[in-house]
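Heads up, the thing below is written out as structure tokens.
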Amino acid sequence: MSDGFFCSYHLCWSRPDAESLLGDLEAAGVRADHPVTRRITLVSPGADPSGTQSWVSRDQLVLLAGLQRLDRVDFLLWLPGGEEIRARVGRGDDGTVELRFGLGALDRDDRERVVRAVREAIGRASLLCVGFVLDREGASAATDWAGFIVKGSVYFDCWPDTLALLPEVAAAQPQLSGVNSFQQSPWVVYGSDVPRR
């Protein structure tokens, strides 16, 4: 099984969106700079799970995370106690941007704090966000969530904890018919966040 994750999908993404995301996360206590060293860390993709790390300024991170020069940026976020969160902003072949936050090494309280912070941050940019998936254990990591949430063209084998997508995509998915959900503009939300009746 994989580590848990929170992924959101955006049809439009720019440097101001990256600035807004980082600002909202920082306001919630999830920071780009390490609590002791104050360094901001980029992680290069590679075979090594930790990748090659390099340090950048906040302005450089905003520029890179705005996908002005690259199609993918991996970096670390931090909680006040030094707990690490791996983050990725990447543009797919179809132009859709995925924001991915790893939840693997966090204890339950820290994981829920990060989930709340990320969900609120993307909620403020909901006009840009067409949906998200939260899987605390990572059981559904092999699913093509971009294909499901953005295009509505794939199926999933394992339910995540929470799934949010646009109503027109939800209506076209037979896997979701008859499943409890609720409206949280602009999405229809399924899973553990659905209020019990």
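The values are calculated or read from the model by the stated rules, or taken from the named source; none is laboratory data. Treat the numbers as computed from the prediction; the structure is a model and nothing was measured. Positions of Cβ are generated from backbone atoms using ideal geometry, with glycine treated the same way; all protein chains shown enter the neighbour counts. To get the accessible areas, we keep the full protein, side chains included, count just its heavy atoms, and leave off ligands, DNA and RNA. Shrake-Rupley method; radii C 1.70, N 1.55, O 1.52, S 1.80 Å.
Got a sec? What order do LEU42, LEU70 fall in by accessible area at 1.4 Å, biggest, i.e. largest, first?
Values: LEU42 30, LEU70 80 Å².
Result of the area sort, largest leading: LEU70, LEU42.
With unit charges on the beta carbon (Lys/Arg positive, Asp/Glu negative), name the residue among TRP145, PRO160, PHE132 whose Cα is farthest towards the positive pole of the charge dipole of region 48-161.
Of the listed residues, the answer is PHE132.
Starting from the alpha-carbon convex hull of the chain, give the projected area averaged over all orientations, in nm². Numbers along the way, then the final one.
On the way: hull surface 44.6 nm².
Directional mean of the projected Cα hull area for the chain stands at 11.1 nm².
How big is the shadow of the Cα convex hull of region 15-104, averaged over all directions, in nm²? The partial results should precede the final answer.
On the way: hull surface 23.9 nm².
One quarter of the hull surface, i.e. the mean projection, equals 6.0 nm².
What size of dipole, in debye to the nearest 20, comes out for the chain about its Cα centre when the only charges are +1 on Lys and Arg C-beta atoms and -1 on Asp and Glu C-beta atoms?
Numbers: 21 positive and 27 negative charges, 66 e Å.
Here the size comes out at about 320 debye.
For the full complex of protein chains and a 1.4 angstrom probe, list HIS34, HIS10 by accessible area with the highest value first.
Details: HIS34 40, HIS10 0 Å².
From most accessible down to least: HIS34, HIS10.
Taking only Cα atoms and a 10 Å spring cutoff, compute GNM fluctuations for the chain and point out the largest among GLY95, GLY152, GLY131.
GLY95
Thinking of region 117-197 as a set of Cα atoms, what percent of all their pairs are more than 21 Å apart?
Cα-Cα pairs in region 117-197 separated by more than 21 Å: 22 percent.
Could you please state, rounded to a whole Å, how far the C-alpha centre of region 56-112 is from the C-alpha centre of region 13-31?
If we compute the Cα centre of each part, the gap is 10 Å.
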